[in-house]
Each structure stands twice: as C-alpha cells, then as structure tokens.
Amino acid sequence: MKKNKQYKRNTSKTASTTKKKKKAPLIITLIILLLVGSSITYILLKPKQTASSALKPIKTTAPNAIVPPTSVSIAPAKEVEDTGEAGWVQVKSKQKLEKFTDMSVQGVTIYRANNPKVLKTAAAQIPGTFMMSDIIAKYPDSLIMNTSGFDMNTGQIVGFQINNGQLFSNWSNTTYGSAAFVINKNGSANGYDLTTPADDIIKKGGEQSYGFGSILIKDGVILPNDGSVNWMIHSYIGNDADNNIYLIISDTSVGYDGTMAAVANLNLQNLVVLDGGGSSQMSLNGQTIFESQDGRPVADFIVLR
C-alpha cells in the first residue's frame, strides 16, 4: 500500500515538472519578443546626434524657440605660426578725455580708454600662458584684461587671431571661432564675424584681433541674443561712436540682460564676447580691479596705456 502511494506521488511530481518544462520555452520566447520590440522602438525614436558643436541649435530671445545655425564656407587664408614681437597700435579717439575712466555699475566692471596705445600679448598659435602679475610686471602703468580663449590642455589659442597685421588662426565654424574685435593700423576698430574673409580684414588694415564668442553689438546695432552670455562671468571688448575702447567684465549671475542694461547708455558701436569664467581678470596701474576666480594663467591679454 505504501508503495502505491509513493508511486502516485512520484507520478504527480513528474507531471508537474513536465508542465513547467513546457511553459519555459514560451516565457523565453515572450521575453525575446519584448526585447526585440524595445530595441526597434529605441532605434526609430532616438534623435540623431552630431559631434560638431557648430551644428547644435542656438537659443534665442523668443520663448521656447531655437534657430538651427548654418555652417559657413570659410575662405582659406595663409596662417603663420609666429607673428614676431608684439607691437603697439595707437587708437585714435575723436575727443580728448581722461586716459582711463571707471564707468562700472553694480555687477559689471567697465573701464573706458581714451586715445590709448594698444598691445596684444599673443603673437603665436601657442603663445604660452601667463599670470596677470607677469603682465603687470612688464607693463605696470597700464589697463590690462584677459581676451581671447585658449585650449587649457595644450595652451593653443583659439578663434580668429591677428597680430602685427598677420594671421595666425583663421575663422572656424565653432562657438568660439565665429566673431572678433579688430583694431586697425589707422587706430579705428571694427567687429567682424566669419562671413568676412581673413584676407579682406587684413587688406582693410586689421592689425590686432580679439575674440572667443559672439558679437552683441555690430556697427551700432544690437544683434539678437544667441544665448552665449549666460550666468557665468564674461569679459567683453568694444568701442563707442567716438572710438573710445571699453574693457568690460560682467560678474556671476548678471547674464545677458544685466550686461546689456549696463552698457545701454555708452553708445557702443561694437561689442564682442571674450573668454570668461576663471579667465576673466582686469588690472589698472598695477592694482587688481577684477581678480581671477581661480588664479588662472591665460594665453592672451590686451594692454592699454
């Protein structure tokens, strides 16, 4: 009797095991189908990406709007590795005023320079990096500010770069290579973007250039906000209708609106965004006006005296 009961129990277990074995392939099949379906959905819905920063959409002042930037064909131009020892250019302002005037407002450091001699320190593709104290020691009685951006790993300067009337870095279809403030041999100044060939700028007398961002004001016209000026610290260079030169640094959280409000009454003709963040720093006559956040050495300064 016991043997019969034991047999029934064994038979029941065998039947149960058989049912489980039949269910297993069905479950595996369902899991595979779900995985395949999910993969196909992901591939179809995943947005296409590009490694080029020049093709990313640009923010505008319009709510929830973007404008897809277009790639510009850049005219080739001969570049040199080194333009020689940096020289001075005499800027010619229309009226004689104080050499340097503090026009700062809350959160925005602004200095106006009247009829200054101007020197650009970077004269080569890899000019080396220097502390503000190094430049002050060499040019103690001057107004000095950081300008063009650079690769912090290699020290190579970026953007459109001219010194001594020679090109050592051409335009590029990037966020940091599309605009420049140019001081000419005759002492005038202009704002340019990458639609103007380098050779044309040099033929028009371009002697020095500074840049790392966009143009906010060009030929007296305020251009649409492209989103490049955010909450971070930013440096700027510009000139007014009388060709006075302005060096400007906006502090943290001032942003585009605060900066444009600060310069609204200066009658600026051109205003170009330069390197910012920890690179932003300014001094006057050996005294620090705006100190670098992290004591950063940089690759390019403008010196006015």
**Message:** Against the conditions (1) out of contact with any strand residue (DSSP E or B) (no Cβ under 8 Å at 6 or more places or on another chain); (2) closer than 24 Å to ASP134 by Cα, where does PRO224 fall short? Just the number, please.
**Reply:** (2)
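Yes/no per residue for (1) in contact (Cβ under 8 Å) with a residue 12 or more places away in the chain; (2) surrounded by 20 or more Cβ atoms within 10 Å (Cβ to Cβ); (3) touching an Asp or Glu at 6+ places or on another chain (Cβ under 9 Å):
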position	(1), (2), (3)
ILE249	yes, yes, no
LEU271	yes, yes, no
ASP275	yes, yes, yes
THR288	yes, no, no
SER292	yes, no, no
GLY295	yes, no, no
ASP300	yes, yes, yes
LEU304	yes, yes, no
**Item:** Single residue of region 215-247 satisfying the filter (of a type outside the set (Val, Ile, Thr) and buried (at least 23 other Cβ atoms within 10 Å of the Cβ)) that is farthest from ASN270 (Cα to Cα)
**Value:** HIS234
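Conditions (1) hydroxyl-bearing (Ser, Thr, Tyr); (2) surrounded by 15 or more Cβ atoms within 10 Å (Cβ to Cβ); (3) within 21 Å of ASN190 (Cβ to Cβ); (4) at pLDDT below 95, marked per residue:
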{"site": "LEU97", "(1), (2), (3), (4)": "no, no, no, no"}
{"site": "TYR111", "(1), (2), (3), (4)": "yes, yes, yes, no"}
{"site": "PHE130", "(1), (2), (3), (4)": "no, yes, no, no"}
{"site": "ILE144", "(1), (2), (3), (4)": "no, yes, no, no"}
{"site": "GLN156", "(1), (2), (3), (4)": "no, no, no, yes"}
{"site": "ILE162", "(1), (2), (3), (4)": "no, yes, yes, no"}
{"site": "SER178", "(1), (2), (3), (4)": "yes, yes, yes, yes"}
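The values are calculated or read from the model by the stated rules, or taken from the named source; none is laboratory data. The structure presented is a predicted model; accordingly, all values stated were derived computationally and were not measured. Cβ: placed from backbone, ideal geometry, glycine included. Neighbour counts: every protein chain shown.
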